[in-house]
1. Could you grab me the full set of residues in region 3-45 that are within 15 Å of the chain's Cα centre (by Cα), among the acidic types (D, E) and in a loop (DSSP other than H, G, I, E, B)?
2. Count, please, the residues in region 5-14 that happen to be of a type outside the set (K, R) and either in contact (Cβ under 8 Å) with a residue 12 or more places away in the chain or surrounded by 10 or more Cβ atoms within 10 Å (Cβ to Cβ) (or both).
3. Of the conditions (1) surrounded by fewer than 10 Cβ atoms within 10 Å (Cβ to Cβ); (2) modelled with pLDDT of 85 or more, V26 satisfies every one except a single condition; which number is it?
Amino acid sequence: MVDGVRARLVDKDFAPKWDPPSLSEVTKDMVDCYFAPLSELEPELNLPTALREPSM
């Protein structure tokens with residue numbers, strides 16, 4: 001995915017080198033890796049929500 005973004009936005013060559021090269025080669029384990037819970041060594045991401053509140 002990173003290479004596709006690089007090819008599109010940085011190099012503008014529209015020629016990404018995908019790994020895996022096709023969607024049919026993406027395994028369930030690859031997808032599960034992105035949605036796995038964070039380990040104890042990785043802190044939760046606390047985003048400031050007050051800045052996004054509408055002002056009156």
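1. D19
2. Of the residues in region 5-14, 3 are of a type outside the set (K, R) and either in contact (Cβ under 8 Å) with a residue 12 or more places away in the chain or surrounded by 10 or more Cβ atoms within 10 Å (Cβ to Cβ) (or both).
3. (1)
The values are calculated or read from the model by the stated rules, or taken from the named source; none is laboratory data. Computed from a prediction, not measured in an experiment: that's the story for all the values here. Cβ coordinates were reconstructed from backbone atoms using ideal geometry, including for glycine residues, and neighbour counts include every protein chain displayed.
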